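Structure, as structure tokens:
The values are calculated or read from the model by the stated rules, or taken from the named source; none is laboratory data. Just so you know, these numbers come straight off a predicted model, no measurement behind them. As a convention, Cβ positions derive from the backbone with ideal geometry for all residues, glycine included, and neighbour counts pool all protein chains shown. Ligands, DNA and RNA are stripped out before the accessible areas are found, and what is left, the full protein with its side chains, is counted by its heavy atoms. Shrake-Rupley method; radii C 1.70, N 1.55, O 1.52, S 1.80 Å.
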Amino acid sequence: MEDPPSKPTKIDLPPADHPDGDLPDIVDLVLEMGASPPTRWAPARLEALVETATASAKAASSENTQIAYAKDWRHFSAWCRRNGFEPLPPEVQIIGLYISACASGTASGTASGTAAGEPQRGLLPLSVATIERRLSGLAWNFAQRGLPMDRSDRHIATVLAGIRRKHAKPPGQKEAVLGDDLLAMIATLRHDLRGLRDRAILLLGFAGGLRRSEIVGLDVVRDDNSDGAGWIEIFADKGVLVTLRGKTGWREVEVGRGSSDFSCPLVALETWIRLGRIGRGPLFRRIFRDNKTVDVERLSDKHVARLVKQTALAAGVRADLPEGERALLFSGHSLRAGLASSAGIEERYVQKQLGHASAEMTRKYQRRRDRFRTNLTKASGL
């Protein structure tokens, strides 16, 4: 059972003649305590300032990150309540116990008839990556309440080091969808409005090396008031320029024309935009059941993952494996890894397309690269 939503904190703000020099401190206090913007207590000038600061604070992290951090806090709070602890203020010993419970599969508390410390039926230990993400979520939530959490404290750091040593596994990787695989996948799509949209999603996602959130976050034209992740510009006979908002700023991705209309991202996009009658707003949208009416709402990024999985299975990609194993191999990330693995050009161009800060990160995406192309053994004279 999850914690009930807490009521917004109300803060008594100073009278209208309060000196402007103290306003930043008031805004910090409001944001740290998670308070709602002031209403009847605040002069108009202060209310607008707090609303602006609140909006800016929200924009500091993506919506998906905020959702994940909120889930992390609810999970930790529920675990504390079941075990008789208080989630606030942060106690490093309690946090150490919590991540231990996550690693052992007991983080949902002690059920009736189950001895304390024993894994409950149906619960699985969390991966090291998930536990580290949970810690990041807790640190963020504590910080918003003005109560920093010290991750370097021995009660947390030592327990986490032991979890890494005992439970860490080699990183799992999704199967890369290569160029020929993608051609077979788009051939399984129907020649209707939904099929045209999905074809454009697959081709643009692959050729741009885009994340699934980036694909569905695109707008058809630039809109400074949009909640999207970027927009596209079409250059006739040349390609598509994709402008994306990233963690460290804006970046541009060039997607050139394909060798044929069947495999060309530009042709697929132009066809979808024309037949979908999309003039502005989200580029990829939901389609009603009649398969003729295009909604105004943006697609969920989960659609991209389902689309890649369904078309890969339908096209017989990795048909050498049992059906159950194949179903676990593909996700939206398969498109991004597929470009990195398929493009037979200099690595630096692939690195730029994917927006990676280091070549080492790009190599992790190159599933089938020749790892022994550079032979240091022979180069050293052996």
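Overview of values
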quantity: Listing of helices (runs of 4 or more DSSP H) fully contained in segment 19-119 that carry 3 or more residues being modelled with pLDDT of 80 or more; calculated: 63-82, 92-104
quantity: Ser213 polar (S, T, N, Q) and in contact (Cβ under 8 Å) with a residue 60 or more places away in the chain; calculated: yes
quantity: Residue check for Leu335: surrounded by 18 or more Cβ atoms within 10 Å (Cβ to Cβ), over 16 Å from Leu218 (Cα atoms), modelled with pLDDT of 85 or more and touching a helix residue (DSSP H, G or I) at 6+ places or on another chain (Cβ under 9 Å); calculated: yes
quantity: Selected residue (criterion: nearest to the chain's Cα centre (by Cα)) from residues of segment 264-303 that are assigned to a helix (DSSP H, G or I) and farther than 18 Å from Ile232 by Cα; calculated: Lys302
quantity: Number of the exception - Asp320 against (1) without any contact (Cβ under 8 Å) to a residue 60 or more places away in the chain; (2) within 13 Å of Val220 (Cα to Cα); (3) in a loop (DSSP other than H, G, I, E, B); (4) open to solvent by 100 Å² or more (accessible area, probe 1.4 Å); calculated: (2)
quantity: Among (1) more than 25 Å from Gly228 (Cβ to Cβ); (2) at pLDDT below 90, the one test that Leu313 misses; calculated: (2)
quantity: Condition check for Gly258: part of a loop (DSSP other than H, G, I, E, B) and touching a Cys at 6+ places or on another chain (Cβ under 6 Å); calculated: yes
quantity: Residue, farthest from Lys174 (Cα to Cα), within segment 212-231, restricted to residues that are open to solvent by 70 Å² or more (accessible area, probe 1.4 Å) and among the charged types (D, E, K, R); calculated: Asp224
quantity: Considering residues of segment 252-276 that are among the charged types (D, E, K, R) and at pLDDT 95 or above only, the residue surrounded by the most Cβ atoms within 10 Å (Cβ to Cβ); calculated: Glu270
quantity: Looking only at segment 232-250, and only at residues there that are touching a residue at least 40 places away in the same chain (Cβ under 8 Å) and surrounded by 16 or more Cβ atoms within 10 Å (Cβ to Cβ), the one that is farthest from Ala200 (Cα to Cα); calculated: Leu244
quantity: Residue within segment 214-230 that is modelled with pLDDT of 90 or more, in contact with a His (Cβ under 8 Å, 6 or more places away or on another chain) and not polar (S, T, N, Q) present; calculated: yes
quantity: Within segment 124-239, helices (runs of 4 or more DSSP H) holding 1 or more residues that are of a type in the set (Lys, Arg); calculated: 128-144, 154-167, 193-208, 212-216
quantity: Long-range neighbours under 8 Å by Cβ, at least six apart or interchain, first residue touching a residue at least 60 places away in the same chain (Cβ under 8 Å) and of a type in the set (A, V, I, L, M, F, W, C) within segment 282-296, second open to solvent by less than 80 Å² (accessible area, probe 1.4 Å) and part of a loop (DSSP other than H, G, I, E, B); calculated: Leu283/Val220; Phe284/Leu299; Ile287/Thr293; Val294/Ile278
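Rundown of residues vs (1) in contact with a helix residue (DSSP H, G or I) (Cβ under 6 Å, 6 or more places away or on another chain); (2) farther than 25 Å from Val253 by Cα; (3) buried (at least 19 other Cβ atoms within 10 Å of the Cβ), yes/no style:
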{"residue": "Arg285", "(1), (2), (3)": "no, no, no"}
{"residue": "Phe288", "(1), (2), (3)": "no, yes, no"}
{"residue": "Lys292", "(1), (2), (3)": "no, yes, no"}
{"residue": "Val304", "(1), (2), (3)": "yes, no, yes"}
{"residue": "Gly316", "(1), (2), (3)": "no, yes, no"}
{"residue": "Gly324", "(1), (2), (3)": "no, yes, no"}
{"residue": "Ala327", "(1), (2), (3)": "no, yes, no"}
